[in-house]
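Some notes on the structure that comes next.
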Amino acid sequence: MQDMIERALSEEQRMMRNTIRSFVDREVAPFVKRNWEKEWDMKPENRPTGRLLEGAHGIGIRALGVPEEFGGTPIDPATEIQTFAMVAEEISRGDSGLCDKLTQIWKVSKLLAHIAPRHLQEKWFPRIAAEPHFLLAHCATEPRGASDRWLPYDVPEAMMHTKAVLQGDRWVLNGRKQFITNGYDASLFVVYATTKPGAGISKGTSSFLVPRETPGLTVQRCNETLGGRFSNSGEIVFEDCAVPKDHCLAQDDAMHRAAVYFRPGKIIVAAKNLGVGMAAFEATAQYVQNYVQGGKIIIKHQAVASRLADMATRLVSARTVLNEAVRALESRSPEADVLCNMAKLHASTEVFEVAKNAMELHGGNGVMLDFGVEKYLRDAAVFLHRDATVDICRFRIVKAMFPRTAGIYAGGD
Ligand SMILES: Cc1cc2nc3c(=O)[nH]c(=O)nc-3n(C[C@H](O)[C@H](O)[C@H](O)COP(=O)(O)OP(=O)(O)OC[C@H]3O[C@@H](n4cnc5c(N)ncnc54)[C@H](O)[C@@H]3O)c2cc1C
């Protein structure tokens, strides 16, 4: 099942995958099993993943998005999205929270490689590449609806409440961000803020590079989540937080400039999601071939077999759409936007069903915290909400397919 309808991998990608698989089987999965109680500790410091980050660093997958000239891991640009997807799926098989930590480094690094001025790249990339615990965060979401941003709903009243004002040679930020992956632990933040009130989100939003120790930046709390709990999402407050003028990465058109990150982001989130589904399937396949009820291993009961077939089919279909989206993105096809949204949507709805079946096929064990199968359902649930909700993905698909007739799905029609 693991390799079913996989896109052809190069020799280099295959070697990388084997290394990651053995890291996940040897270190990540046992860590999660050993630490199931710590996952529920409400002090994020007591959910330590430092050793895993060091392990990921050791096998060269932590700083994948960092340009090679600054110490990043070299990957073939022609198949880079496929590589990101493959690595994300493999890590997420072990733990989706750890995978969140890593993918955020890759995604934000790719963004910085495209839009950060050279001197800031020279300052930060070597640290990102060299320090195993160095994490990055991407801060767009605020307490008031992120969906408006994803649609996008491009009107003045839907602009971000976080504002940045140029005072002399410094930008001063005020506002609040929430649900930010790595937000609790990151050393460096990319922060989005309104710089032209009234212009709409696409023409009046800028992005800034803000180091953690900047006065006025406060990590308020960890957003405690149902799943992906090792990723330590965070809420961050900016109060007269001033950064040098040159820390503005994109002035007024930051959402447009971030597009380099959004489509691959959908692929990566779908691949992470698929990793959770694969792990749920593998655990269930093991269980039903060993656990006996009614005088036989339960795979021999037709109702169980039928559910297992359904799980496998859902995973293969999610992988098929994902592969098509990767192909479209790598070949710059006009269908890429639709397919990336489809890949994200389809993975989240299908893997949620796979994880639900995994839990049910484990009987009572399926809901026992120390058994670990319920974790797949919790991790899968988070994917329905993040990187645009399933409904917002649906709207984006229909809008892209029927641009003249589809609604704007927000405000007056
Ligand atoms: C674990 C996790 C990690 C995250 N990491 C990050 C991160 O690193 N950086 C970041 O910036 N953000 C991050 N987010 C935020 C994420 O992108 C948003 O939570 C998501 O886009 C949904 O936005 P919201 O929570 O504001 O919900 P809302 O926009 O308030 O939506 C609430 C409900 O209303 C529905 N809805 C909204 N608008 C419409 C409409 N026009 N028509 C019909 N239905 C609508 C939505 O589908 C949803 O069901 C993360 C979220 C989670 C859960």
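The values are calculated or read from the model by the stated rules, or taken from the named source; none is laboratory data. All of these numbers come straight from a predicted model, not from anything done at the bench. Glycine gets a Cβ as well: all are built from the backbone with ideal geometry, and neighbour counts include every protein chain shown.
The helices (runs of 4 or more DSSP H) falling completely within the range 81-159 that include 1 or more residues that are within 16 Å of the ligand (Cβ to nearest atom) and touching a residue at least 60 places away in the same chain (Cβ under 8 Å) map to 96-115, 147-150.
For residue 52, are the conditions met, namely being under 22 Å from the mean Cα position of the chain (by Cα), part of a helix (DSSP H, G or I), hydrophobic (A, V, I, L, M, F, W, C) and surrounded by 12 or more Cβ atoms within 10 Å (Cβ to Cβ)? Steps first, please.
Details: under 22 Å from the mean Cα position of the chain (by Cα): yes; part of a helix (DSSP H, G or I): yes; hydrophobic (A, V, I, L, M, F, W, C): yes; surrounded by 12 or more Cβ atoms within 10 Å (Cβ to Cβ): yes.
Taking the combined requirement at face value, the residue satisfies it.
When you check residue 397 against the structure, is it closer than 30 Å to residue 76 by Cα and either within 16 Å of the ligand (Cβ to nearest atom) or of a type in the set (Phe, Trp, Tyr) (or both), yes or no? When the stated conditions are applied, residue 397 passes them. Considering 188, 173, the condition of being under 15 Å from residue 252 (Cα atoms), assigned by TED's automatic domain parsing to the domain that holds residue 247 and within 16 Å of the ligand (Cβ to nearest atom) is satisfied by 173 alone.
Assess whether residue 115 counts as being in contact with a strand residue (DSSP E or B) (Cβ under 7 Å, 6 or more places away or on another chain) and surrounded by fewer than 23 Cβ atoms within 10 Å (Cβ to Cβ).
Details: in contact with a strand residue (DSSP E or B) (Cβ under 7 Å, 6 or more places away or on another chain): yes; surrounded by fewer than 23 Cβ atoms within 10 Å (Cβ to Cβ): yes.
So residue 115 passes the test.
Considering every residue within the range 273-285, establish whether at least one is under 20 Å from the mean Cα position of the chain (by Cα), within 15 Å of the ligand (Cβ to nearest atom) and not in a loop (DSSP other than H, G, I, E, B). Yes: one or more hits. Here residue 179 passes the criteria (1) within 14 Å of the ligand (Cβ to nearest atom); (2) crowded, with 23+ Cβ neighbours inside 10 Å; (3) of a type in the set (Phe, Trp, Tyr) except the one numbered (2).
A Cβ distance below 9 Å, combined with a sequence gap of six or more or placement on separate chains, defines the contacts here; from the range 383-395, residues that are at negative phi and free of Cβ contacts under 8 Å to residues at least 24 places away in the same chain reach no residue that is near the ligand (Cβ under 6 Å from one of its atoms) and acidic (Asp, Glu).
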